[in-house]
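Structure first, commentary second.
Derivation of every value follows stated rules applied to the coordinates shown; laboratory data play no part. Every value quoted in this text rests on a predicted model; they were computed, and no experiment measured them. For neighbour counting, all protein chains shown are included, and Cβ atoms are generated from backbone atoms with ideal geometry for every residue, glycine included.
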Amino acid sequence: MFNKFIRSMLLATLLLAVSIPMLAYAQQPVLNVYSSRHYGTMEAPFVAFQEATGIEVRVSAGTPNDLLERLTAEVDQGGRSVADVFLAIDAGVLEMAAQRELLQPIQSDVLDANIPVELRDPEGYWYGLSKRIRTLVYNPANVTAEELASIQTYADLGTATWADRVCVRPASHTYTVALMSSLVFHLGEDDSLTAFTNLSNNVTRYITSDTSIITAVAAGECDVAFVNHYYLARLANGSNDDKAIYDAVRIHFMQQGEGQTGAFFNVNSAGVVVNAANYDNAVRFIEFMSQPEMQASNPEAFVGSNYEYPVNPEAELHPTLATWGEVKFDTVYPLWEYGNLQARTIELLDEAGFGFTEN
Ligand SMILES: [Fe+2]
């Protein structure tokens, strides 16, 4: 009788010991994100997701390629990564992750409704969540209207007009490689090599930060450059010193004419990692970022926190972006092709003598 009592007590204690951690586990849903966004590790939209869902977001930050290599190593070793979501600032990296079987396709009516087909992978491996244009910034004091009119395509900065007047980011950076891959796509390898050679001959300085590039253009150190649009919007909405830099330069969207392909852009995009431990939370995170509230232009929103263009057609543009007018985006070069051309683009840039470091 006594033994039976002891036994049942022991069993109850054991059950309690097992169920407490299980209960704690069930109450602590988490989501692990590998993020190459470099705008503060724990961003406002991630906090908004935590608050709305009770799911704790844990972020590991790094460059797109570093995170891609980390994912590859983890999945190769143990079949799964710590990461549930891979968030990258470049569609090419997401596409490479899909090709390396590091992501899994997802089917979501929410994502299909919120994100146009040209901004997501046809098989559902990744979804674009915001758009960033890489385009021309120029100094209006040093560039005439006629000179400006001569720049229609990205290759036009290679003409004699622009000798020693161009600042660019080195070819070691994703921003440059992705942009230049669009020339390879549109012009083919031979003409791209010529374009890269001509362009690199006109470069006066290679600079590794877009904000520093804009500052150099404002100071007259160079007259024209390629930058991501949101760096200009940041300056426009920054301190008085920032505003002074913004006022000294102008943005110019490329390839906007009739029959032209539109401005090169990239997407902040996200995919669910293969065998993700927190699969449901991962899908929910991507869906959350695609809804109108997170696509809005306020600083707490995914899109607004970095002055990007929304992918969800329901969302309004930030006032600064609205002042720049309508933009035609280059969707002729499909986002899912970005990954395929990166390696070859780097080889061609190298062959053309394009700089890979700051000078
Ligand atoms: Fe950036």
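Couple of notes before you dig in:
- Cα gyration tensor shape for segment 117-241, rounded if a/c is under 1.5, else prolate or oblate: oblate
- Here is how the number arises for the chain: DSSP H runs of 4 or more residues each give -39500 (n - 2.57), the sum is divided by the residue count, and the result at 222 nm is -13000 deg cm²/dmol.
- Gyration tensor (alpha-carbon) shape descriptor, segment 208-359, a/c threshold 1.5: oblate
- Total formal charge among the other residues, if their Cβ is under 15 angstrom from that of Ser36, Lys/Arg +1 and Asp/Glu -1: -3
- Among beta bridges from DSSP that stay inside the chain, the antiparallel ones total about 60%.
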